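**Student:** Would you mind keeping the following structure in view while I ask a few things?
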């Protein structure tokens, strides 16, 4: 996550970026909901941020999502949102779909 304060006249904008990667699931006949990403975005929205922009870039191995977030106050902007998402937004430590198999990093 990246953050910056930008000056716009006399008004300060409190902006952070969130970059998130979702690995490509196996082929299937219907779509599925990415519950973990939904929880992360809901966590930001309930912690005083608004989404200014959202970009999605598909690559063969999955999808990159880049969100431009604006804090409503300096307190929200200064909060350490880089804490582990699993703990901060009470996410599961397992995949949202049992059909997804990740490669071992050691292989």
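Read-outs: derived from the displayed coordinates by stated rules, not from any lab. Computed from a predicted structure; not experimentally measured. Using ideal geometry, Cβ is built from the backbone for each residue, glycine included, and neighbour counts are taken over all protein chains shown.
**Student:** Stretch residue 79-residue 13 to full length: gain in nm at 0.36 nm per residue minus the Cα-Cα span? Don't skip to the end; give the middle numbers.
**Tutor:** On the way: separation 66, 0.36 × 66 = 23.76 nm, distance 1.54 nm.
Difference between extended and current length: 22.2 nm.
**Student:** What is the fewest-to-most order of 20, 32 by other Cβ atoms lying within 10 Å of their Cβ? It would help to have the intermediate numbers written out before the result.
**Tutor:** Values: 20 16, 32 11.
Exposure proxy ranking, most exposed first: 32, 20.
**Student:** On to the next question. Give me the extension gain from residue 35 to residue 21: residue separation times 0.36 nm, minus the current Cα-Cα distance, reported in nm with one decimal.
**Tutor:** On the way: separation 14, 0.36 × 14 = 5.04 nm, distance 1.34 nm.
Contour length minus the Cα-Cα distance gives 3.7 nm.
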